[in-house]
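Novice: Below is one structure. I have some questions about it.
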Amino acid sequence: MPGKREVNTCNTLNSAYLGHNAKAMLILQDWKETLEKGSIMKTSTRDQAEGKLHKMKGEIKETVGELINNPHLKAEGNVEKKEGKAQEKVGKIKKFLGK
C-alpha cells in the first residue's frame, strides 16, 4: 500500500496532467470553431485539419480515461481517434485528386 506522500504526489501529477489536457481541449475547441466559421479553405485542407482535431481529442480522452480508470471514456477516445485518422485520409485523397 502506498504511503500518504506517494498518494499525494500521484494526485498532484494527475491534477497537473488533467489541467494541461483541459487547456489543450480549449485550444482544440477554439480551432474547431474557427474552422466552422467558413474560412476560405479547400475541402481537402479542411478535412485534414478536422481529422487532426478529432485525432487529438481522441488521444486526450483515451489518456484521461486511462488515468481515471474510466473504460467508457477510453473507448470513446479510441473511436474518435480512429474517426479522425479516417477523416485525415479523406482529406489526403481529396488533395491528391485536386479538390
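Residue-wise test of (1) in contact (Cβ under 8 Å) with a residue 24 or more places away in the chain; (2) surrounded by fewer than 17 Cβ atoms within 10 Å (Cβ to Cβ); (3) in contact with a Lys or Arg (Cβ under 7 Å, 6 or more places away or on another chain).
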| site | (1), (2), (3) |
| --- | --- |
| Lys52 | yes, no, no |
| Lys61 | no, no, no |
| His72 | no, yes, no |
| Glu76 | no, yes, yes |
| Val79 | no, yes, no |
| Ala86 | yes, yes, no |
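Novice: Pick from Ile68, Ile40: which is at pLDDT below 90 and exposed (fewer than 13 other Cβ atoms within 10 Å of the Cβ)? Quick ask: steps written out before the conclusion?
Specialist: Working: Ile68 fails: at pLDDT below 90.
Only one candidate qualifies: Ile40.
The values are calculated or read from the model by the stated rules, or taken from the named source; none is laboratory data. Quick caveat, the model's predicted, so the values are computed rather than measured. Glycine gets a Cβ as well: all are built from the backbone with ideal geometry, and neighbour counts include every protein chain shown.
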